[in-house]
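Input: a single structure, listed below in structure tokens.
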Amino acid sequence: MVSQVLTAVRARPRREREEEVLVWPDLVFIEFISAIIFTIALLVLSAFINAPLLDRADPNTTPNPSKAPWYFLNLQELLLHMEPAWAGVIVPTIALILLGAIPYWDRSNAGQGKWFASKDSIKITVWAFCIASLLTIWLILYDGAKHVEWTEDIIRGTGLNSDFTWPTWLDWARNLRGLDTGINWDDLSFSLGGFTIFQDWRAIPLGIPGTTTDPWLLNLNFPSFLSQQVVPVATMVGLPLLLVGFTKRKLGWIHSRRDIALLVFTGFIAVFIVTTAVGQFFRGQGQELRPPWDIVVVEE
Amino acid sequence: MANAERPPGKNFNDQLYDLLFKNYLWQSIFRTGYPNTPRNQMLVVATNVFLHLHPTRIHRTHVKITHTYCLGGLSFFMFLGLTVTGVLLMFYYVPSVERAYADIQALETNVRFGLLLRNLHRWMAHAMIILVLLHMMRVFYTGAYKPPREFNWVVGVILFVLTLLLSFTGYLLPWDQLAFWAITVGTTMIGSAPVLGDESKFLLLGGFEVGSNALIRFYTLHVIGLPLIISIFMAVHFWRVRRDGGLARPL
Ligand code: HEM
């Protein structure tokens, strides 16, 4: 106990003292100047750009698209691809817990207090940022069925088949929901001990017999459980793991937990930026993907 | 460190110095003259109520702008600016469904500098979120979360969440279509939580949808509840930066 108290108040060694500068003036002036610069910049911004004020709130006319504030658009974007409970609550909660847990997992002191201290850290950061952005954009395009649109356009454009449409037997590959609606689940059903598996999974009898409580699995709809929960969550867990594995084995850049943290944190930042930007600039009416100049808000 | 004690003698500078800083009024406020010796400079940092958040000396590498880019300090500065502009906005704004929108309109048109005030508050709020995010990135990429600073990183994550909540609760107050529907979208997301979703949504809104109860709750959280909580966490955050031995630096 005593020794702990002593370490807390121990004077710093003389050698370190010589490396130190006075807070006044060296730091106080920097702070002062940066505060002035920010004050001026914000005053200028506020003089030229006005905060938005639309019509008075009216619960009876819904703007389309309705958007959350920009810093929640990443979650609103997730909402388009999975079950709301995952997108709105579970994923952000887990993300924040993992974020807070980083220092308890990466505990070595090596390289602290220095920008990009570990050997391959810049490479890892640039790589993680690029690949995570690209993958996110690709996933969003896929779930927006853009490949369907583009394939149709290209095949029609070549003139081979001027009214080509995406074949129905490939409907499951349109987007995530296509897994749910594009597959004829009844055809895939099979019987097992009195149950028709798949068909019956839409109303699986998991209640406790003789009780009236509403068992939550009673209406488990397997196809939508698959497309709105299993696949999105597996993607969110699986892609980062694959990325870590690839970067470690194939690129050989991972030497420590710090490097893994760098990779995953940077990926997180990239996904955050991409989804926020897509939500802000590329989502038009009905949350359809649209170029920014094509986005108009209508009131319904 | 290069500053030596001032040599004696009365040239013009010294006379000016005496005139400005050695008069009755100045000394009644600041108790001392301008701190022009290293000893006095350390004393002023240690004894001034605003400056004492700082240590008296810091390591050379940490005053380089490129080490922190002042991001944490600027986040705090935004918070201070938001407090000042926010208090002024409270003079003109009544959080009732009948008055809120009209008050904002009146603020923009009838109050001198009212529009500027509102703009400043709005853009500072956005700037604060961006600065906090950038600050988090600077802490991460400099490896400054490593022991013994683990817990201050956690405090930081809480500060980030509180910053978002402050901004979100403020978003509803103008009571325009943007505000109303953004909060409707946001609270619907909260309502989808697998446990206690509907309950937390009801608690936040004071009802099943955004209405006058929601407005008064958001207002109260925005102007007093969350600012108090975030101030406490900021105090802990700054205290821990000092207690953990100042900013992180290579071993
Ligand atoms: C309202 C939000 C915040 C404010 C006002 C704030 C303020 C500050 C200030 C003034 C410093 C001193 C060094 C610097 O300026 O960089 C600091 C350091 C620190 N901050 Fe924050 N911060 C906030 C949010 C965060 C967040 C979101 C995190 C991380 C998730 C974080 C983690 C840290 C850590 C670990 C340090 C110590 C850094 C070092 O030793 O180099 N802070 N903070």
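Would you please classify the overall shape of chain A from the alpha carbon gyration tensor, given that a ≥ b ≥ c denote the square roots of the eigenvalues, rounded means a/c under 1.5, and beyond that prolate means a/b larger than b/c while oblate covers the rest? It is prolate, given that a/c is not under 1.5 and a/b is the larger ratio. Solvent-accessible area per residue in segment B:121-205 equals 32 Å², computed with a 1.4 angstrom probe and all protein chains kept. Within the set of other residues whose C-beta is less than 15 Å from the C-beta of A:P167, count the net charge using Lys and Arg as +1 and Asp and Glu as -1. So the environment of A:P167 carries a net charge of -2. The accessible-area loss of segment A:88-133 on complex formation, taken against its chain alone with a 1.4 Å probe, reaches 40 Å² or more at A:V89, A:L96, A:L99, A:P103, A:Y104, A:N109, A:Q112, A:G113, A:W115.
Averaged across A:67-79, how many Cβ atoms of other chains sit within 10 Å of each residue's Cβ atom? Intermediate results must be reported in sequence, preceding the final value.
Numbers: counts 5, 11, 15, 4, 8, 8, 2, 0, 3, 5, 0, 1, 4.
Going residue by residue through A:67-79 and averaging, the value is 5.
Around the amide H of A:R283, modelled in the peptide plane, lie the amide H atoms of A:R290, all under 5 Å away and 5 or more residues distant in sequence or on another chain. Residues whose amide H comes within less than 5 Å of that of A:S118, counting only those at least five positions distant or on another chain, are absent (H built at 1.01 Å from N in the peptide plane). Using the average count of surrounding beta-carbon atoms within 10 Å as a protection proxy, the listed peptides B:197-203, B:12-18 rank, highest first, as B:197-203, B:12-18. Listed by chain and number, the aspartates and glutamates whose alpha-carbon sits under 15 Å from that of A:K119, ignoring those within fewer than 8 places in the same chain, are A:D259. If you roll a 1.4 angstrom probe over the protein chains with everything in place, what fraction of the accessible area of the protein assembly as shown belongs to carbon and sulfur, to the nearest %? Here it works out to 68 percent. The phi torsions of segment A:153-165, fed into the Karplus equation with coefficients 6.51, -1.76 and 1.60 and a -60° offset, translate into couplings of 4, 5, 5, 5, x, 5, x, 4, 8, 6, 10, 5, 10 Hz, rounded to whole numbers, with Gly and Pro shown as x.
Counting partner chain Cβ atoms within 10 Å of every residue's Cβ in A:40-49, what's the average?
Numbers: counts 0, 2, 8, 4, 0, 7, 11, 4, 1, 3.
Averaged over the peptide's residues, the number is 4.
Farthest toward the positive end of the dipole of chain A, out of A:P292, A:V21, A:T196, is the Cα of A:V21, where the dipole comes from beta carbon charges about the Cα centre. Ranking B:L204, B:L133, B:Y219 by how far each Cα lies toward the positive end of the dipole of segment B:69-243 (charges on Cβ) leaves B:L133 at the top. Computed over segment B:74-181, the P(r) curve from all C-alpha pair distances, binned at 10 Å from the origin, holds 14, 39, 27, 14, 7, 0 percent per bin.
Computed with a 1.4 Å probe over protein heavy atoms only, the accessible surface of chain A comes to 60 Å² per residue. Across all Cα atoms of segment B:48-129, the radius of gyration (one decimal) and Dmax (whole number) stand at 17.9, 57 Å.
Take each residue of peptide B:196-204, count the partner chain Cβ atoms within 10 Å of its Cβ, and average: the result is 1.
Between A:N175, A:L242, B:A248, the Cα set farthest toward the positive side of the dipole of the protein assembly as shown (charges on each charged residue's Cβ, about the Cα centre) is that of B:A248. I need the shape label for chain B. Rule: rounded when a/c is under 1.5, else prolate if a/b > b/c, else oblate, with a, b, c from the alpha carbon gyration tensor. In terms of gyration-tensor shape, oblate.
Is the shape of segment A:71-117 best called rounded, prolate or oblate, per the rule: a/c under 1.5 gives rounded, else a/b larger than b/c gives prolate, else oblate, with a ≥ b ≥ c the square roots of the Cα gyration tensor eigenvalues? Walk me through the numbers before you get to the answer.
On the way: a/c = 4.61, a/b = 2.53, b/c = 1.82.
Prolate is the answer for segment A:71-117, as a/c is 1.5 or above and a/b outweighs b/c.
Straight Cα distances below 17 angstrom link B:K22 to the lysines B:K10, with same-chain residues fewer than 8 positions distant left out.
Buried on complex formation within segment B:170-190 (loss of at least 10 square angstrom of accessible surface versus the isolated chain, 1.4 Å probe, ligands and nucleic acids ignored): B:Y171, B:W175, B:D176, B:Q177, B:L178, B:F180, B:W181, B:A182, B:V185, B:M189. Helices in chain A, meaning DSSP H runs of at least 4 residues, each add -39500 (n - 2.57). Divided by all residues, the mean residue ellipticity at 222 nm is -15500 deg cm²/dmol.
Axis of helix A:28-48 versus longest Cα principal axis of chain A: the two differ by about 40°, to the nearest ten degrees.
The local environment of A:G144, defined by Cβ-Cβ distances under 15 Å, has a net charge of -2 under the rule Lys, Arg +1 and Asp, Glu -1. Rounded to the nearest 10 degrees, the inclination of helix B:177-191 to the longest alpha-carbon principal axis of chain B is 80 degrees. Segment A:250-300 and segment B:130-208 have Cα centres spaced 18 Å apart.
Along its principal axes, the protein assembly as shown has C-alpha extents of 102, 64, 63 angstrom, given from the largest down.
Take the accessible area of A alone and of B alone, subtract that of the pair with a 1.4 Å probe, and the total buried over both chains is about 7800 Å². Charges were assigned to the Cβ only: +1 to each Lys and Arg, -1 to each Asp and Glu. The resulting dipole of segment B:1-97 about its Cα centre is roughly 260 debye.
Say the cut-off is 30 Å between C-alpha atoms; which of A:K67/A:K250; A:K248/B:K64; A:K123/B:K146; A:K67/A:K248; A:K67/B:K201 go over it? A:K67/A:K250; A:K248/B:K64; A:K67/A:K248, as the Cα separations exceed 30 Å there.
The values are calculated or read from the model by the stated rules, or taken from the named source; none is laboratory data. On a predicted model such as this, the values are computed, not experimentally measured, just so you know. Virtual Cβ from ideal backbone geometry, glycine too; neighbours counted across all protein chains shown. Only protein heavy atoms, including side chains, enter the accessible area calculation; ligands, DNA and RNA are left aside. Shrake-Rupley method; radii C 1.70, N 1.55, O 1.52, S 1.80 Å.
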